[in-house]
Structures are given as structure tokens and as C-alpha cells.
Amino acid sequence: MPRITVKTNVFLNREKKYRMTLEFKEAIELIPCEKASFVMADFEDEAFMLFGDEAASDPCAAIEVAVIQDAIDKYDKEIFVQVLARMTETVMKYTQIPEDRIFAYYRNSPLWTYKRQDIIGTLVHV
């Protein structure tokens, strides 16, 4: 059962949450073993969040995705990067938060994206 959690410091009305969930379901279908009908999405909006050296009022978001752990090892990593990229685009679309203020990652996985790109490989090699 895929679970998607969006935490942000901006307000999200019920309609935006619903539409985002529909788009998340489409994105999750890119993973061969996951089904949109089992997606659970939860939203924590208007949270106190800080990003870097910016003020607490500057908009930002984090997207956490929980999927079947074996799937991350079984399928091509690019599929999972693409899923996070699409989810980032969805959050950008409904919140107007720029991509450089959004992190997306898989729970219990070293796969994190920033600006819709895998960043762990870059950070580890610095």
C-alpha cells in the first residue's frame, strides 16, 4: 500500500488535497508492483518548517513516499526518480512552491530528490 505524505508550511484546501492525491495515484502507477487503488495520501499543511537560511514564512514542502521496499531494489532506479519528479511537479502546481524549495524521498531509502533530480549520489561524492 503506497503512502504519500506531504508536509508544507502553506495552506492546502480540501479540493487541492483531493486533486493532488489523484495525480499522485497516476504517478505511483509507474511502479510496476504498486496500484493506484491502494494509495493513501495524507497532508500536513500550515506546519512550522524552515528550509536552509530562509525565514519560517518562506514556502517549502517535503514529500515522503512509502512503497514496497523490495520494489526499490527490484526495478530500475529511474522509475522511482520519475515518480518523485512527477509528485514534485504536482506539489509545485497546487502550491506554487518552487522546485528548489521541495524535497521528495522514499521512506527507508537512500533515494532523495531535489529539483526533481537524485541528489544523494551528488552529495556522497562531494
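Things worth noting here:
- Total charge dipole magnitude, the chain, about the Cα centre, Cβ charges on Lys, Arg, Asp, Glu only, Debye to nearest 20: 300
- Each principal axis of the Cα atoms in the chain has its own extent, and those three values, largest first, are 40, 40, 20 angstrom.
- Relative contact order %, the stretch 1-116, counting alpha carbon pairs below 8 Å whose residues are six or more apart: 31
No lab work stands behind these numbers, since they all come straight from the coordinates. Just so it is clear, the model here is predicted, and its values are computed rather than measured. For neighbour counting, all protein chains shown are included, and Cβ atoms are generated from backbone atoms with ideal geometry for every residue, glycine included.
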